1. Would you mind giving the three semi-axes, in whole Å and largest first, of the ellipsoid equivalent to the stretch 21-65 according to its Cα gyration tensor?
2. Sum up the charges of everything whose Cβ sits under 14 Å from the Cβ of Arg33, counting Lys and Arg as +1 and Asp and Glu as -1, but leave Arg33 out.
Amino acid sequence: MSKVYDQPSKIAADQGIVIVDGPDGVAVSFTPRAAEETSDRLLRGAVEAHGQRVKAGVPEETEPMAEDDPDDLSGDAGDVSTGEAPDQLSDEQG
């Protein structure tokens, strides 16, 4: 089994591409449609894995996630209706 990470990846949108900045230097870029499908698959996998942990009696994850990092753009992909990037992203990239 590969290493298991307990921190979420950072996500940004730039010029119509979704960028995933994961652990150990993993960086992946997706088209919006590929990102949507990947998101759906991740959610289904997370729900299934959670059910497996509950069934096996594995205790809930009780450690809180790391506090918000001001450089972390996850959760702030801009205004999807207009395609406008968040201020943080546009400032970082030029």
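1. Working: eigenvalues 138, 48, 12 Å².
Three semi-axes, in Å: 26, 16, 8.
2. -2
Each reported figure results from applying straightforward, stated rules to the coordinates on display, with no laboratory input. Values in this document were obtained by computation on a predicted structure and should not be read as measured data. As a convention, Cβ positions derive from the backbone with ideal geometry for all residues, glycine included, and neighbour counts pool all protein chains shown.
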